[in-house]
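For reference, the structure is listed below as structure tokens.
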6 protein chains.
Amino acid sequence: MERICLFPGSFDPITLGHVNIIERAVNLFDKLIIGIGTNSSKQAMFSLEQRKEWIANIFKADNRIEVADYQGLTIDFCNKIGAQYMLRGIRYVSDFEYERAIADMNHALAPNIETVFLTSSAFHATISSTLVRDVIRNGGNAKQFLPELVIY
Amino acid sequence: MERICLFPGSFDPITLGHVNIIERAVNLFDKLIIGIGTNSSKQAMFSLEQRKEWIANIFKADNRIEVADYQGLTIDFCNKIGAQYMLRGIRYVSDFEYERAIADMNHALAPNIETVFLTSSAFHATISSTLVRDVIRNGGNAKQFLPELVIY
Amino acid sequence: MERICLFPGSFDPITLGHVNIIERAVNLFDKLIIGIGTNSSKQAMFSLEQRKEWIANIFKADNRIEVADYQGLTIDFCNKIGAQYMLRGIRYVSDFEYERAIADMNHALAPNIETVFLTSSAFHATISSTLVRDVIRNGGNAKQFLPELVIY
Amino acid sequence: MERICLFPGSFDPITLGHVNIIERAVNLFDKLIIGIGTNSSKQAMFSLEQRKEWIANIFKADNRIEVADYQGLTIDFCNKIGAQYMLRGIRYVSDFEYERAIADMNHALAPNIETVFLTSSAFHATISSTLVRDVIRNGGNAKQFLPELVIY
Amino acid sequence: MERICLFPGSFDPITLGHVNIIERAVNLFDKLIIGIGTNSSKQAMFSLEQRKEWIANIFKADNRIEVADYQGLTIDFCNKIGAQYMLRGIRYVSDFEYERAIADMNHALAPNIETVFLTSSAFHATISSTLVRDVIRNGGNAKQFLPELVIY
Amino acid sequence: MERICLFPGSFDPITLGHVNIIERAVNLFDKLIIGIGTNSSKQAMFSLEQRKEWIANIFKADNRIEVADYQGLTIDFCNKIGAQYMLRGIRYVSDFEYERAIADMNHALAPNIETVFLTSSAFHATISSTLVRDVIRNGGNAKQFLPELVIY
């Protein structure tokens, strides 16, 4: 059976940390779908179209990787696209606790879906989209944390 | 002296995790008051009346357990109702740190009131009202995390 | 029903941190037994007799508090003395995780026994028997961390 | 390319927690080798032969799962058996930090090997081999934490 | 070379915890600038002028200590005032992780600036501006957590 | 007044992580003494002479940095050499809690001595002497984690 995995997030914007997780995880799966979750209450810095375009361009050479967007429960989107796995990268201990709480609840709701974790490589553990947005908002230069194709 | 305890929270809604903590703690006290703290800045998903009704119905067979609501400082409410104890359940490490900060400050303000902690049982550690509300908001089925009487 | 509680530990030696937890918890229970767990593999700094004597002297004015020693599983000793509760003080986050693991396992083995946690007061959070022993071993003065009756 | 994974540990003894991680992870890989690391300085409770026999019996119906033992660096054993992945289960935050330190160092030494993490299911998060051995050593009954085939 | 340090924060209001960190750190530096970061999205309880006045009054006897305010990236303000160091106090583990993430990112953006950490003394670890504001907002008495000159 | 700092540890062996902390901290102080604590109960992998020689060679070009060894309480050694500061690097959250406990106790015993913390740079956070010794003991190549002058 084909192993399909969803990598959910807001990717606002995609960082070198995300790229590192994706590149290290992609061989585990036959298809890896990068899923941009959207919900009306949270205002993104970059438009959904812009975020999808960046991701599509970065990974266009690898046809195992796709980008999509969804609303609603992440596990419902997994079931819709046939993903038996979810991928999450963990940078910090506090990330870990939050991720585990979500994973536990998702497992209770959808026991057929497993969440697989990779830890951020030391070099990329610094990078979070939230901090990157802070840098951008305050006029700083965030280029070193972002893929070359992410030009804002 | 009668041992009176306040179990403060927003109970939006009460979950099986809360029920588990209450059932395991109730024998420690002569009276256990479930106190719904309300403050104007935070919008609840369920009305105060609805939340109180659910709690009252769930525990109506046990006359040691009551439900109340309050505004202002939790320690002021403790003093008003004569509670020498506060009860808190801890699920996660990050819960613990926040709870300890609150407990330390409360102890500085009101040295006569002790905060007593129970850890969530493994089976219920998954359940938080916040995640339950996310499931409900996204059209998911949260029944397995809620007491039967909580029908929304 | 009488509420009986075991406060297990090695108390090698009893510190002001322990005394603080005991004094804040004692009103919750009708009887509080301070239980010194002994096991052959771990070498104590102070003899069992010495440790029991210190504790007995410190609390001799309060007939709700007793001292005892035991071998084997802590829950077996609880059942033997009729304790429905165990008391544990938590200083640090890493304490908390370890304590919760023990509490979870104890609850699985003996569902009739609840572990109740208090957090160390800020002023006493510094004090651990392990660090106190290090100070003593290196010729330092640990008096400020110990009850007056603990003279070594 | 065949996906081969090593699940390293001491399995002294294998618990229901280990079994749960293995069953949830096995579909991710084409082959999953349970590797018992041995080193002379640490004394096991159960003999290596006993531990291997238990594991072999538990998973004998699934020919994707094998058991092996090794000495020396875990990444050297991975390379010897052609494993591109290592699997680790995480129960607690403190586990996570230690596991990440090991994974970081392994990644620095062998960038071709990825460590994949699953979190313990809530129901099994209680169970650690260390605590299980404590129960056994103190004459307690650890059956509820162990696979039926682990009879000691 | 003169050692100049920025102690950034919102100081809304300055607490005894802040004062303790400043007093213990000041000898490390030749000049210590207390920098109130302001950004339009976050509404303070006390006006910038009020906060600056309190700080200036508290430290008016020590001419190594100054107060300033800034907008934008903290590292840009460091460079503007010639600070090679940033000072941060850590109360809790969760503080630590967040502080480290910020420090890592700042180090990547400005390798010439080091962030130096002090841990809160046990007695002051309780005190956070956030909790102090909660007490004030709910009509409680927060005097014991505040310098005498902070009268609201 | 001259600012003198002790950087205590076992440095068994000194790693690139230690070197990174030292280089980033040295400008804060007028003199930085690297102090190798020795105690009879812990068996080192490398001899005290070897460890001192490596450190002396690595920093011989910087006359602000010295190496020494000591027995007994670290604060007693600080007082002996006139150090008002201790330096510690923090890699992980669990490091932080342990370091804070030690720092709290040291501050209680010697209020004139402050412990200053730096966080490991992301690139060096991987490296601990303990893990390095594991690699060496198992015949692995630990060169990438060690200064060039550390040849074993």
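The values are calculated or read from the model by the stated rules, or taken from the named source; none is laboratory data. Treat the numbers as computed from the prediction; the structure is a model and nothing was measured. Every residue, glycine among them, receives a Cβ derived from its backbone with ideal geometry; neighbour counts consider all protein chains shown. Just so you know, the surface numbers come from the protein's heavy atoms only, side chains and all, with ligands and any DNA or RNA stripped out. Shrake-Rupley method; radii C 1.70, N 1.55, O 1.52, S 1.80 Å.
Once you average over the residues of C:4-13, how many Cβ atoms of partner chains fall within 10 Å of each Cβ?
Details: counts 0, 1, 0, 0, 0, 0, 0, 0, 0, 0.
Average neighbour count from other chains, rounded to a whole number: 0.
With a 1.4 angstrom probe, the accessible area lost at the F-D interface totals about 1100 Å².
Largest mean-square fluctuation among B:GLY89, B:GLY17, B:GLY139, in a Gaussian network model of chain B whose springs join Cα atoms under 10 Å apart, belongs to B:GLY139.
With +1 on the Cβ of every Lys and Arg and -1 on the Cβ of every Asp and Glu, and nothing else charged, how large is the dipole of the protein assembly as shown about its Cα centre, in debye rounded to the nearest 20?
Values: 90 positive and 102 negative charges, 0 e Å.
Computed charge dipole of the protein assembly as shown: roughly 0 debye.
Protein heavy-atom surface of the protein assembly as shown, 1.4 angstrom probe: 49% of the accessible area is carbon and sulfur, with nucleic acids and ligands not counted. Pairs over the 19 Å Cα-Cα cut-off, from the set B:LYS60/B:LYS80; F:LYS31/F:LYS80; D:LYS42/F:LYS52: B:LYS60/B:LYS80; D:LYS42/F:LYS52. Since only B:ASN112, B:SER129, B:TYR98 are under comparison, the one whose Cα sits farthest along the positive direction of the charge dipole of the stretch B:1-131, derived from C-beta charges on Lys, Arg, Asp and Glu, is B:SER129.
Looking only at other chains, what is the average number of their beta-carbon atoms within 10 angstrom of each beta-carbon in A:76-89? Write down the numbers at each step before the final one.
Working: counts 3, 0, 0, 0, 0, 0, 0, 0, 2, 2, 0, 1, 2, 0.
Counting Cβ atoms of other protein chains within 10 Å of each residue's Cβ and averaging gives 1.
Note on the stretch C:61-152: Rg/Rh from Cα positions, Kirkwood definition for Rh, rounded to two decimals, is 1.02.
For chain F, the relative contact order is 33 percent, taking Cα pairs closer than 8 Å that sit 6 or more residues apart in sequence and dividing their mean separation by the residue count.
Two tests apply to each whole DSSP H helix in chain E, Cα reach of 20 Å or more along its axis and mean Kyte-Doolittle hydropathy of at least -0.5, and the ones passing both are E:93-109. From its DSSP helices (H runs of at least four residues, each -39,500 (n - 2.57)), chain D gives a residue-normalised ellipticity at 222 nm of -11000 deg cm²/dmol.
Here the dipole of chain E is about 220 debye; that uses its Cα centre as origin and unit charges on the Cβ of Lys and Arg (positive) and Asp and Glu (negative).
Over all other residues within a Cβ to Cβ distance under 12 Å of B:ILE81, the charged ones net out to -2, with Lys and Arg as +1 and Asp and Glu as -1.
Across peptide E:110-117, the mean count of Cβ atoms from other chains lying within 10 Å of each residue's own Cβ comes to 4.
Just to be sure I follow: if Rg is taken over the C-alpha atoms of the stretch B:1-77 and Rh is the Kirkwood radius over the same atoms, what is Rg/Rh?
Values: Rg = 12.3 Å, Rh = 12.9 Å.
The Rg/Rh ratio comes out at 0.95.
Between B:ARG137, B:ARG64, B:ARG88, the residue with the greatest mean-square fluctuation in the GNM of chain B (Cα pairs under 10 Å linked by springs) is B:ARG137. The Rg/Rh ratio of the stretch A:4-145, with both radii computed over alpha carbons and Rh defined as the Kirkwood radius, is 0.94.
Quick one: accessible area per residue over the protein assembly as shown, 1.4 Å probe, rounded to a whole number of Å²? Can you show the working numbers first?
Numbers: 39390 Å² over 912 residues.
That works out to 43 Å² for each residue.
On the principal axes of its alpha-carbon atoms, the protein assembly as shown has extents of 75, 70, 58 Å, going from largest to smallest.
When chain F is treated as a Gaussian network with alpha carbon springs shorter than 10 Å, the biggest mean-square fluctuation among F:GLU114, F:GLU97, F:GLU53 belongs to F:GLU97. The distance between label points at D:ILE151 and E:LEU48 comes to 7.7 nm (points 7 Å beyond Cα on the Cα→Cβ vector).
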